[in-house]
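> Before I ask anything, here is the structure I am working with.
The values are calculated or read from the model by the stated rules, or taken from the named source; none is laboratory data. What you are looking at is a predicted structure, and each value in this text was computed from that prediction instead of being measured. Every residue, glycine as well, gets a Cβ built from its backbone with ideal geometry; the counts of neighbours run over all protein chains shown. Just so you know, the surface numbers come from the protein's heavy atoms only, side chains and all, with ligands and any DNA or RNA stripped out. Shrake-Rupley method; radii C 1.70, N 1.55, O 1.52, S 1.80 Å.
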Amino acid sequence: MKNQNIACFGYGKTTRAIAKRFGPCTFFDDKFTLPSIDEEGNFLKPIDEFDTRLFTHEIPSPGFPPSHILIQQSQHLISEYDFFADKMLFSIWISGTNGKTTTTQMIEHLLSDKKAISGGNIGTPLANMSTEAPIWILETSSFSMHYNHTARPNIYALLPVTPDHVSWHGSMQAYYDAKLKPLSMMKEGEVIILPKMFADTPTNGFKIIYEDEKDLAAYFGFDPSKIKFKGAFLMDAMIAMGIDKILYDRCDYDRINAFILDPHRQEEFRDSRNRLWINDSKATNIDATLAALRTYRDYPILLILGGDDKGVALEELFTPLKKYDVNVYAIGSNALRLEALCNQHNIPCSLCHTIDIAVDQISKKHTRHTIAMLSPAAASLDQFTSYAQRGNLFRELAKATK
């Protein structure tokens, strides 16, 4: 692939890794106002200088929407996955609305003795992944799969799919179509772990259909009582164990139980008064928040909601929310919208706007018999640089309460 004329859309981690391996390349990014050259010899140009006739490959960064003018003008568009399709080893793709990162990490943990490595959305671009590794485990977003036409997994695990990224894809059906695209390319003998709602999707692969953890336990013969994880993490663990079972016919409860979860996903901690707080800042959509609520459904919950909801219809949150003993503390750019929906559904709500005010108000009601939880069902970029910054501040403020 050397000496090809490669255009990269977006000056990000994925495209810069490609340029480092196959470049120099020409980058087009909304942030560039004048042409320049970076320290590695790549050309950096404003988007109005793009001319598709000059390139043989045009590779978008994950997240470049189909509506972007660069995508619209491209005649040689190729996804990162398709670009590396001929170099891709035996691969396991993990997708879904929530739990992709945790499930990918769990699979890598279980298959570490087989020298499997992870990448994709989880942090390592395909350009930086070793071709010496026998198995690639790829966290794969709908953004990546939208532009795929040839690359496919050998095992595809699709976690539950709920409304997300609707504005990017244009509709829920387009979001579903992106998630299901690998099925049309998979071959006989390749395996798909698939939610029941998509059971009728055509494919030549072998489908393992599930609706919940009980279905996975029954199919693979797992004993859930021997797995330490609960709630959504139990499903993540069972899918990871299912893939280990498919490949190596083994079931290692001690090994999966040794896995340590990342921060900001139902992360429990206590303050100086021994009150329980839950940092679930990574819950950036409705389904993630509902999963957290199910985990703690037996307790009164003081719940911080809000942020950038990306235009998702929030009724899918508020209808089930009425089943819980919950008080909402609304923050972020959609705080007023949340307050109105709480009033409509007769759910107690405090309009806080910012996380410091929410923590202060919660602390006045929080006891050893309640749960105080940040599970915002929204992205963080309206007020923070990342969900991690949001979670760290929440933890800091909560631990400082008296």
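> Take the chain, connect every pair of alpha-carbon atoms lying under 10 Å apart with a spring to form a Gaussian network, then pick out the residue of M373, M106, M185 with the largest mean-square fluctuation.
M185
> Now, a different point. So which aspartates and glutamates pass the test for K399, namely a Cα distance under 13 Å, with those fewer than 8 places away in the same chain ruled out?
Once the sequence-local aspartates and glutamates are set aside, what remains near K399 is E268, D271, D356, D360.
> A follow-up question, please. Does segment 223-263 come out rounded, prolate or oblate by the C-alpha gyration tensor, with a ≥ b ≥ c the root eigenvalues, rounded set by a/c under 1.5 and, if not, prolate when a/b is larger than b/c and oblate if not? Write out the running numbers ahead of the final one.
Values: a/c = 1.67, a/b = 1.61, b/c = 1.04.
Since a/c reaches 1.5 and a/b is larger than b/c, the shape of segment 223-263 is classed as prolate.
> Still on this structure, I have one more. Step through the table entries K226/K323; K179/K226; K13/K45; K179/K245; K181/K245; K114/K187, compare each Cα-Cα distance with 20 Å, and write down the pairs that go over it. If you can, show how the numbers build up before the last one.
Working: K226/K323 29 Å; K179/K226 31 Å; K13/K45 17 Å; K179/K245 24 Å; K181/K245 25 Å; K114/K187 24 Å.
Long pairs (Cα-Cα over 20 Å): K226/K323; K179/K226; K179/K245; K181/K245; K114/K187.
> Just check segment 247-388 against the gyration tensor rule for me: Cα atoms, a ≥ b ≥ c as the square roots of the eigenvalues, rounded for a/c under 1.5, and otherwise prolate or oblate depending on whether a/b exceeds b/c. Display every interim value, and only then the final one.
Details: a/c = 1.71, a/b = 1.44, b/c = 1.19.
It is prolate, given that a/c is not under 1.5 and a/b is the larger ratio.
> How large is the charge dipole for segment 241-317, taken about the Cα centre, if only the Cβ atoms of Lys, Arg (+1) and Asp, Glu (-1) carry charge, to the nearest 20 debye? Write out the running numbers ahead of the final one.
Working: 11 positive and 15 negative charges, 51 e Å.
For this selection, approximately 240 debye.
> Rounded if a/c is under 1.5, else prolate if a/b beats b/c, else oblate: with a ≥ b ≥ c from the C-alpha gyration tensor eigenvalues square-rooted, which is segment 4-98? Don't jump to the answer; show the numbers that get you there.
Numbers: a/c = 1.73, a/b = 1.45, b/c = 1.20.
Prolate shape, in that a/c is at least 1.5 and a/b is the bigger ratio.
> Using a 1.4 angstrom probe on the protein heavy atoms only, could you order H369, H76, H57 from most to least accessible area? Intermediate results must be reported in sequence, preceding the final value.
Numbers: H369 140, H76 60, H57 35 Å².
Greatest to least solvent exposure: H369, H76, H57.
> Find the relative contact order for the chain and round it to a whole percent, using C-alpha pairs within less than 8 Å whose residues are 6+ positions apart. Kindly include the intermediate steps, with their values, before the conclusion.
Working: 792 pairs, mean separation 46.8, N = 402.
Relative contact order here is 12 percent.
> Peptides 191-197, 311-317: what's the order by average Cβ count within 10 Å, highest mean first? Mind showing how you got there, number by number?
Working: 191-197: 18.1, 311-317: 16.4.
So the order, starting with the most tightly packed, is 191-197, 311-317.
> Can you list the residues, at least 5 places off or on another chain, whose amide H is less than 5 Å from the amide H of V326, using H built in the peptide plane?
Result for V326 returns I301.
> Compare F64, F27 by solvent-accessible area with a 1.4 Å probe and give them largest first, with all protein chains kept in place.
Values: F64 25, F27 0 Å².
So, going from the largest accessible area down, we get F64, F27.
> While we're on this one: Under the Kirkwood approximation applied to all pairs of distinct alpha-carbon atoms, what is the hydrodynamic radius of the chain in Å? List each step's numbers first, then the result.
On the way: mean 1/r = 0.0442 Å⁻¹.
Final number for the Kirkwood radius of the chain is 22.6 Å.
> If you count only protein heavy atoms and use a 1.4 Å probe, how large is the accessible surface of Y175, to the nearest 10 Å²?
In the full protein context, Y175 sits at about 0 Å².
> What is the percent carbon and sulfur in the accessible area of segment 259-377, measuring with a 1.4 Å probe over the protein chains and ignoring ligands? Don't jump to the answer; show the numbers that get you there.
On the way: 2380 of 4980 Å².
After summing per-atom areas, the C and S share lands at 48 percent.
> Please report how far the C-alpha centroid of segment 334-379 lies from that of segment 270-313, rounded to the nearest whole angstrom.
10 Å
> Let me ask you something else. Can you return the aspartates and glutamates within cross-link range of K228? Criterion is Cα-Cα under 14 Å, with same-chain partners fewer than 8 residues away left out.
Cα-Cα hits under 14 Å: E213, D236, D252, D254.
> Give, in nm to one decimal, the length gained when the segment between D86 and S36 is fully stretched (0.36 nm per residue of separation minus the Cα-Cα distance). All intermediate terms of the calculation are to be shown ahead of the outcome.
Values: separation 50, 0.36 × 50 = 18.00 nm, distance 3.25 nm.
Answer, rounded to one decimal: 14.8 nm.
> Once the Cβ-Cβ distance between D215 and K114 is put in as r, and R0 is 30 Å, what FRET efficiency do you end up with, to the nearest 0.05? Walk me through the numbers before you get to the answer.
On the way: r = 26 Å, r/R0 = 0.88.
Taking R0 as 30 Å, the efficiency between D215 and K114 is 0.70.
> For Q173 and K20, what does the FRET efficiency come to when R0 = 41 Å and r is the distance between their Cβ atoms, rounded to the nearest 0.05? Before the final figure, lay out each step's value.
Details: r = 37 Å, r/R0 = 0.91.
The computed FRET efficiency comes out at 0.65.
> No other cysteine beta carbon under 4.7 Å away is the test; run it over the chain and list who passes.
C8, C25, C251, C352
> In square angstrom, what is the accessible area per residue of the chain with a 1.4 angstrom probe?
Values: 17500 Å² over 402 residues.
In whole numbers, the chain has 44 Å² accessible per residue.
> Whole-Hz ³J(HN,Hα) for each residue in segment 264-274, computed from phi via Karplus 6.51 cos²θ - 1.76 cosθ + 1.60 with θ = phi - 60°, x for glycine and proline: what do you get?
6, 10, 6, 7, 8, 8, 10, 8, 5, 9, 6
> For segment 195-240, what % of the accessible area comes from carbon and sulfur atoms, probe 1.4 Å?
Working: 1250 of 2410 Å².
It is 52 percent, rounded to a whole number.
> Right, here's the next one. Using a 1.4 Å probe on the protein heavy atoms, what percent of the accessible area of segment 1-115 belongs to carbon and sulfur? Intermediate values should be presented prior to the final figure.
Details: 2630 of 5220 Å².
Ligands and nucleic acids excluded, carbon and sulfur give 50 percent.
> With each pseudo-label sitting 7 Å past Cα toward Cβ, what's the T201-N274 distance in nm, one decimal?
4.8 nm
> I've got another one for you. Dipole of segment 1-114, Cα-centred, from +1 at each Lys and Arg C-beta and -1 at each Asp and Glu C-beta, to the nearest 20 debye? Numbers along the way, then the final one.
Values: 11 positive and 14 negative charges, 52 e Å.
My answer is approximately 260 debye.
> Okay, helix-only estimate at 222 nm for the chain: each DSSP H run of n ≥ 4 adds -39500 (n - 2.57), divide by all residues, round to 500 deg cm²/dmol; what do you get?
Details: 15 runs with 127 residues, N = 402.
My calculation for the chain gives -8500 deg cm²/dmol from helical runs alone.
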